[in-house]
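Shown next, in C-alpha cells, is the structure this report addresses.
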Amino acid sequence: MPKILIVEDDLDIAKNLTVFLNKSGFATEHLASGQFVVETVKNNPPNLILLDLMLPYKTGEECCIEIRKFSQVPIIITTAKVEEASRLIGLESGADDYVCKPYSVMELVLRIKAILRRLQPLDAINSRSITITEGSFDVSFNENAVELTALEFSLFKLLYSRPGRIYSRKLILDLAYSDIRDISDRAIDSHVKKIRKKLRSIGVEDNIIESIYGAGYRYSTPEE
C-alpha cells in the first residue's frame with residue numbers, strides 16, 4: 001500500500017485528505033509543520049509527499065530543497081498562492097507538481113495516482129519503445145531512430161529521466177544547459193518544437209513533451 005506523507009498545518013484539510021486517501025487505498029502520515037519533515041522522510045520514506053508551502057517552523061520550499069539533496073521522492077506542492085511566481089517557487093525547489101487551494105480532493109487523488117504511475121524506472125520506460133543513446137544522441141522508437149543535437153538531447157534526457165515531473169524553464173536552463181551562457185527561454189521552446197517534429201518523423205504520434213501553461217514542460221510516456 002503506497003504511503004503518502006501529508007504536510008499541512010490546517011487540521012481540517014489534513015483530516016479530509018487523510019479520509020479520502022485512505023479510502024483510495026493509500027496509507028497516510030500527517031505532520032502539521034515543517035519542523036520534522038526532512039527527518040521523517042529520511043527515517044521512514046513515503047512514496048509521495050503532499051507539501052504545503054506556508055508552514056510553521058520551516059516553509060515547504062525549504063523542506064523541498066533539503067529533501068532533494070538526498071531523495072527523489074515525488075512531491076506535490078499545495079498552496080493558497082495562485083500567482084505564477086509562487087507556483088514556480090515550488091517547481092524550482094524540486095517539486096513534481098502543484099495544486100492551488102481550494103482544490104478538489106478527488107482531482108488530487110487522481111494526480112497522485114498519475115504521478116506514481118508515471119514515475120517508473122528507466123527500464124520500464126524503455127519497455128514502451130522509447131530509448132535514448134547518449135553516445136550518439138539518438139532517440140529510438142519501435143526500431144526507428146532520429147539524431148538530436150547536443151542541446152536538444154540534453155533537454156530531452158532531462159525530461160525523459162523523470163516522467164511526469166514538471167520542469168520550469170529556469171530549471172531547464174540550470175539543469176540541461178548549465179554549461180551554456182546567454183541562452184533564453186525562447187531557445188527552450190524552439191528546441192522542444194524541433195524535438196517534437198523529429199519524434200513525429202519516427203512515428204511518435206503522442207505529444208510526449210507536454211506544455212504546462214505557466215509552469216514549463218514534462219515528459220509523458222507514450223501509449224502502448
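The values are calculated or read from the model by the stated rules, or taken from the named source; none is laboratory data. Quantities reported herein were computed from a predicted structural model and do not represent experimental measurements. Note: ideal-geometry Cβ built from the backbone for every residue, glycine included; neighbour counts use all protein chains shown.
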Original post:
Pick from S201, S161, S190, S184: which is of a type in the set (S, T, N, Q) and closer than 25 Å to I76 by Cα?
Top reply: S161
Original post:
Within the stretch 162-185, is even one residue closer than 22 Å to E205 by Cβ and either surrounded by 13 or more Cβ atoms within 10 Å (Cβ to Cβ) or in the same structural domain as Y213 (by TED's automatic domain parsing) (or both)?
Top reply: yes
**OP:** Kindly provide the set of residues from the stretch 190-206 that are part of a helix (DSSP H, G or I) and surrounded by 13 or more Cβ atoms within 10 Å (Cβ to Cβ), ordered by number.
**Re:** S190, H191, V192, K194, I195, R196, K198, L199, R200
Original post:
Of all residues in the stretch 103-119, which are at pLDDT 80 or above and either exposed (fewer than 14 other Cβ atoms within 10 Å of the Cβ) or over 14 Å from F26 (Cα atoms) (or both)?
Top reply: Y103, S104, M106, E107, L110
Original post:
Any chance the stretch 64-72 includes a residue that's modelled with pLDDT under 85, under 14 Å from the mean Cα position of the chain (by Cα) and assigned by TED's automatic domain parsing to the domain that holds K194?
Top reply: no
Original post:
Out of the stretch 9-57, which residues are charged (D, E, K, R), touching a helix residue (DSSP H, G or I) at 6+ places or on another chain (Cβ under 8 Å) and within 17 Å of M106 (Cβ to Cβ)?
Top reply: none
**OP:** Mind listing just one residue for me: the one in the stretch 14-44 that is touching a strand residue (DSSP E or B) at 6+ places or on another chain (Cβ under 8 Å) and β-branched (V, I, T) and, of those, surrounded by the most Cβ atoms within 10 Å (Cβ to Cβ)?
**Re:** V37
Original post:
Of all the strands (runs of 3 or more DSSP E) wholly in the stretch 1-114, which have at least 2 residues that are not aliphatic (A, V, I, L, M)?
Top reply: 27-31, 75-79, 97-100
